[in-house]
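The values are calculated or read from the model by the stated rules, or taken from the named source; none is laboratory data. Computed from a predicted structure; not experimentally measured. Glycine gets a Cβ as well: all are built from the backbone with ideal geometry, and neighbour counts include every protein chain shown.
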Amino acid sequence: MAKNYYPEEFRRKAVDLYESTPEQTMQEIATDLGISRSALDTWVAKYGTGQRAPATPTATTTGADTPEITIRRLEAQLAAAKAETRKLTTERDILRQAAKYFAGETNW
């Protein structure tokens, strides 16, 4: 089986994606990117910071929220939205680079 080569920038962005999305497992991210889990694990060990973004706590809403609880819930939602934006931006950049890489590889 041929060994796949991935540019260093792709590897670093894959690690950034893993570290910025605590709600997804390493296997899920590797599958989404079309790489093996062991490759992602190796890249995380090499390029990772060792820190993942904190998981967003699930907020339970009741009819009688105090202002403090409402603020905490809204801050958690904002953090989740920012994490999702960061994840989608990273995924988009990875896909753009992959498309450029594979477009340059075709010699018809």
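Quick notes
- Residues of the stretch 14-27 classified as part of a helix (DSSP H, G or I) and either surrounded by 15 or more Cβ atoms within 10 Å (Cβ to Cβ) or under 10 Å from the mean Cα position of the chain (by Cα) (or both), total: 8
- Among (1) surrounded by fewer than 14 Cβ atoms within 10 Å (Cβ to Cβ); (2) modelled with pLDDT of 85 or more - the single one residue 74 does not satisfy: (2)
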